[in-house]
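Scroll down for the structure; my scribbles are underneath it.
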Amino acid sequence: MQTHFIEGGNGVRLYVEEHGPQTGPAVLFLHGIFQCRLSWRKQLADPGLERYQLVLMDLRGHGLSDKPGAPENYNTGRYWADDIHAVITALQLDRPVLVGWSFAGFPICDYLRQYGEDSIGGIHFIDANSKRGTDEARTMVYEDFSALIAGLFSNDVTENIGGLEAFLKRTSYTDIPLEDYYLALGYNVIVPTEIRSSFFDRVIDNDDVLSQITVPVLITHGREDAIVRVNAAEHHARVMPHAELSIYDGVGHSPLVEDTGRFNADLARFIDKCHPPT
């Protein structure tokens, strides 16, 4: 493993890890909101993915990356785009496959809007959304989600932890193993309360960008997702008609950990589609 701090948009330092051979096809993993690079530990542990160059970044405001307080650090699309561009450029990644879970759909779209698709090999959206703040966007998330997690933005410790726990439990259709649950709770906690609402403070629609995509796209979604509705994935498949849509029955918001075997096999197959073995 190699570790790096890379300067991203508006000078924010991003923590990045590289795993696997640098000669293998590159994959850049982007985690969900309040998560970190550790979200992908079950992918790192899979021998079937060892032949790839796996790059994990902590998004701004998360993990070991910088967490500046001003809202514009999180509601400015150009900064998210510059972050991804900086990692690709600094590590000289050769047309990486962008793998984005949940919230990461937004930074990926920000990147595509600013830099296009020429420097990437493909896109894997996982229970992702690409709209926010519009009437249509609200049909793609569950109505009770905002009320459920209201404590996330509270300075009262009890309310705050309660909001985090409600959020975590909503990320999986089945019970999360306790070891995984408390690890996730830990890296959710370190996202400062005062910046959390800034992640939601955007009005955006990315259909115009996604409709122009020509690189391979895989859309993975848990049918039992209780955060982002399946209609978000179905919408993406309509906007990108060449995309492959893969729905996981009996799985919630986290296919990467709820059905790791299938997910990792699908991911490997997709990487090979984007970078055919020679």
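The values are calculated or read from the model by the stated rules, or taken from the named source; none is laboratory data. Computed from a predicted model, the values in this text were never measured in an experiment. Note: ideal-geometry Cβ built from the backbone for every residue, glycine included; neighbour counts use all protein chains shown.
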On the given criteria, is Gln22 polar (S, T, N, Q) and more than 16 Å from Asp94 (Cβ to Cβ)? no
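Would you mind listing the helices (runs of 4 or more DSSP H) fully within segment 193-278 where at least 2 residues are acidic (Asp, Glu) and farther than 25 Å from Ala147 by Cα? Break it down into steps so the answer makes sense when it comes.
Details: elements: 193-196, 207-210, 230-239, 255-258, 260-274.
Per the criteria, 207-210, 260-274.
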Within segment 123-134, can one find any residue that is under 17 Å from the mean Cα position of the chain (by Cα), crowded, with 21+ Cβ neighbours inside 10 Å and at positive phi? yes
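Among the listed residues Arg60, Arg51, Arg41, identify the single one that is within 24 Å of Gly222 (Cβ to Cβ), of a type in the set (D, E, K, R) and not in a strand (DSSP E or B).
On the way: Arg60 fails: within 24 Å of Gly222 (Cβ to Cβ); Arg51 fails: within 24 Å of Gly222 (Cβ to Cβ).
Result: Arg41 is the single residue among Arg60, Arg51, Arg41 that is within 24 Å of Gly222 (Cβ to Cβ), of a type in the set (D, E, K, R) and not in a strand (DSSP E or B).
How many residues are in a loop (DSSP other than H, G, I, E, B) and touching a residue at least 40 places away in the same chain (Cβ under 8 Å) when one looks only at segment 14-38? Before the answer, list the steps.
Our first condition is that a residue be in a loop (DSSP other than H, G, I, E, B); within segment 14-38, this holds for 20-25, 31-36.
Next, only the ones that are touching a residue at least 40 places away in the same chain (Cβ under 8 Å) stay: 25, 31-36.
The number of residues fulfilling the criteria is 7.
For segment 235-246, state whether one or more residues are modelled with pLDDT of 95 or more and closer than 30 Å to Pro71 by Cα.
There is at least one residue in segment 235-246 that is modelled with pLDDT of 95 or more and closer than 30 Å to Pro71 by Cα.
Is segment 48-57 home to any residue that is acidic (Asp, Glu), closer than 25 Å to Asp272 by Cβ and surrounded by fewer than 16 Cβ atoms within 10 Å (Cβ to Cβ)? Explain how you work it out, then say what you get.
Within segment 48-57, the subset acidic (Asp, Glu) is 50.
Right, trim to closer than 25 Å to Asp272 by Cβ and you get 50.
Right, trim to surrounded by fewer than 16 Cβ atoms within 10 Å (Cβ to Cβ) and you get 50.
The answer is yes; a qualifying residue exists.
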Please go through segment 143-189 and give me each residue that is closer than 18 Å to His253 by Cα, of a type in the set (S, T, N, Q) and buried (at least 16 other Cβ atoms within 10 Å of the Cβ), ordered by number. Thr171, Ser172, Asn188
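If you scan segment 115-143, which residues turn out to be in a loop (DSSP other than H, G, I, E, B) and without any contact (Cβ under 8 Å) to a residue 40 or more places away in the chain? Even if it seems obvious, please write down each step before you answer.
Looking only at segment 115-143, we keep the residues that are in a loop (DSSP other than H, G, I, E, B), and these are 116-121, 127-130, 133-134, 139-140, 142-143.
Once the filter is applied, which keeps residues that are in a loop (DSSP other than H, G, I, E, B) and without any contact (Cβ under 8 Å) to a residue 40 or more places away in the chain, segment 115-143 yields Gly116, Asp118, Ser119, Glu143.
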Mind checking which pairs have a first residue in segment 61-90 that is over 12 Å from Phe199 (Cβ atoms) and a second that is in a helix (DSSP H, G or I) and among the β-branched types (Val, Ile, Thr), Cβ under 9 Å, 6 or more apart or different chains? Pro68/Ile195; Gly69/Ile195; Ala70/Ile195; Ile84/Ile108
Would you be able to tell me the number of residues in segment 182-204 that are over 13 Å from Gln35 (Cβ atoms) and either within 17 Å of the chain's Cα centre (by Cα) or of a type outside the set (Asp, Glu) (or both)? 10
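Rundown of residues vs (1) more than 28 Å from Asp83 (Cα to Cα); (2) outside any helix (DSSP H, G or I); (3) in contact with a Leu (Cβ under 9 Å, 6 or more places away or on another chain), yes/no style:
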residue: Arg113; (1), (2), (3): no, no, no
residue: Ala147; (1), (2), (3): yes, no, no
residue: Glu165; (1), (2), (3): yes, no, yes
residue: Thr174; (1), (2), (3): yes, yes, no
If we keep only residues of segment 231-261 that are among the β-branched types (Val, Ile, Thr) and out of contact with any strand residue (DSSP E or B) (no Cβ under 7 Å at 6 or more places or on another chain), then the residue surrounded by the most Cβ atoms within 10 Å (Cβ to Cβ) is Val257
